[in-house]
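Colleague: Structure provided below as C-alpha cells; questions to follow.
Where a number appears in this text, it was derived from the coordinates with a stated rule and is not lab data. It should be emphasised that the depicted structure is a prediction, and the values quoted were computed from it without experimental measurement. We place every Cβ from the backbone using ideal geometry, glycine too, and count neighbours over all the protein chains shown.
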Amino acid sequence: MNKPQIDTAKEPTASQRTLVLTPLQDLSGFLAHHIGRATLFAVACSSVVAVLLIFLFVIKEALPFLQTHSIGDLFSSSAWYPEADEPKFGILALLTGSVYVTVAAIMIAVPIGITVAVFLSDITSMRVRNYIKPVIEILAAIPSVAYGFFAVLVLAPWMQNSWSFSTGTNALNAAIVLSIMALPTIISVAEDAISAVGRDLREASYGLGATRFETIFKVVLPAANSGIVAAVILGVMRAIGETMVVWMASGNANQIPSPWWDLSQSVRTMTATIAGEMGETPKDTNHYHSLFFVGVTLLVMTFMLNLVSEYFLASAKKKTGK
C-alpha cells in the first residue's frame with residue numbers, strides 16, 4: 001500500500017512559531033498599540049471637549065450682559081421687553097413657564113412610563129415585549145416639529161372646543177405633547193433598572209407567599225428606585241430642553257398663570273424665547289447677550305439634572321453589582 005503523503009509545507013503550529021520578534025515587528029506592534037489607544041482616547045474625549053467649548057462660548061457671550069445687570073433683578077422680575085425704549089430683561093416668567101410645562105409633562109409621563117416598564121419587565125411575555133418596546137422607542141425618532149403640528153392642528157382645536165378653553169395653545173397642550181416625547185426615555189431606562197433587579201429577589205418574595213402585585217410594588221420597585229429616579233430625571237431633561245413643541249404649542253405669552261394651577265393659560269419658555277428671538281436680534285446688543293444669559297441659565301439647570309441622574313444611575317449599578 002502507498003503511504004499517505006506528508007505535507008511538509010504545512011503552516012507551523014503555535015508551539016513551532018518563534019517567540020522572538022524582529023526589531024521591525026517589535027516596533028510596529030508597539031506603535032500600533034499606542035496609536036490605537038491614543039486614537040480611541042481622543043475620540044472618547046472629543047464629546048467632553050465639545051461640551052466644554054459650548055459652555056465657554058455661551059458664558060463668554062453672556063458676560064457683557066451680566067456686567068451691566070444684576071442677577072437678582074433678572075430673576076425677580078417677569079417683565080421681558082428687550083426691544084422697548086426702556087428695555088427690561090426679567091426672566092422670572094420665562095423660567096416659570098419652563099417649569100410649568102416640564103412639571104406637568106412629568107406628572108403625566110411618569111405614572112404611565114413606570115406602569116409600562118413594569119408591564120414589559122414582569123407581566124408580559126418576552127415575545128410580546130420584543131414587539132412593544134421597539135414601537136415605543138420609535139416615538140423618540142419622530143421629529144419634534146411633527147409633534148408640534150399635531151399639538152397645533154389636532155390637540156389645540158380639540159381642547160378649545162371640548163373643554164371651552166379660551167385658547168388651545170396653552171401650557172397643558174405643550175405638557176401633553178412633551179409627556180409623549182419623554183415616554184421612550186422613561187420607559188427604556190426604568191425597564192432596564194427593573195429588569196436588573198434579578199430573579200432571586202422575585203423568587204424569594206414568591207417563596208414567602210407574596211402575590212405578584214406585592215412582589216412588584218413592595219420588593220422590585222423599591223430595589224430599582226435609583227434607576228427609576230434616574231429615568232424620571234432624564235425625562236425631565238428631555239422635556240425642559242425641548243424647543244419646537246413648546247414654541248408651537250404653549251402660546252408664547254410672557255406671563256405667570258393666575259391662579260397658579262390654571263394650565264389652560266398660555267405661557268412662554270426659555271427655549272422658545274431663544275429660538276424665537278435669536279434669529280432677528282442684532283449681534284453685540286443687550287438683547288443678543290441677554291438671550292445667551294437665558295441659555296446659561298438653561299445649561300446650568302440641565303447640567304445639574306444630569307449630575308443628579310448620574311448619581312442615581314451609579315447607585316443603581318452598585319446595588320445590582322453591575
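Colleague: Being part of a loop (DSSP other than H, G, I, E, B) and touching a helix residue (DSSP H, G or I) at 6+ places or on another chain (Cβ under 6 Å) is the filter here; which residues of region 265-282 pass it?
Modeller: 268, 269, 281
Colleague: OK, next. Of all residues in region 255-269, which are surrounded by 16 or more Cβ atoms within 10 Å (Cβ to Cβ) and either touching a Cys at 6+ places or on another chain (Cβ under 8 Å) or under 16 Å from residue 168 (Cα atoms) (or both)?
Modeller: Those that are surrounded by 16 or more Cβ atoms within 10 Å (Cβ to Cβ) and either touching a Cys at 6+ places or on another chain (Cβ under 8 Å) or under 16 Å from residue 168 (Cα atoms) (or both): 257, 263, 264, 265, 266, 267, 268.
Colleague: While we're here: I'd like to check something: does region 214-222 contain any residue that is in contact with a strand residue (DSSP E or B) (Cβ under 6 Å, 6 or more places away or on another chain) and assigned to a helix (DSSP H, G or I)?
Modeller: no
Colleague: Here's a check for you: in region 59-88, which residue that is of a type in the set (Gly, Ala, Ser), in contact with a Leu (Cβ under 8 Å, 6 or more places away or on another chain) and free of Cβ contacts under 8 Å to residues at least 24 places away in the same chain is surrounded by the most Cβ atoms within 10 Å (Cβ to Cβ)?
Modeller: The extreme case among them is 77.
Colleague: I'm trying to understand the selection: among the residues of region 47-105, which are touching a strand residue (DSSP E or B) at 6+ places or on another chain (Cβ under 8 Å), under 25 Å from residue 235 (Cβ atoms), in a helix (DSSP H, G or I) and hydrophobic (A, V, I, L, M, F, W, C)?
Modeller: Passing the criteria: 93, 94, 101.
Colleague: Does region 147-201 hold any residues that are assigned to a loop (DSSP other than H, G, I, E, B) and under 28 Å from residue 133 (Cβ atoms), and which are they?
Modeller: Hits for region 147-201 are 196, 197, 198.
Colleague: Within 20 Å of residue 98 (Cα to Cα) and buried (at least 17 other Cβ atoms within 10 Å of the Cβ), is that true of residue 202?
Modeller: No, not satisfied.
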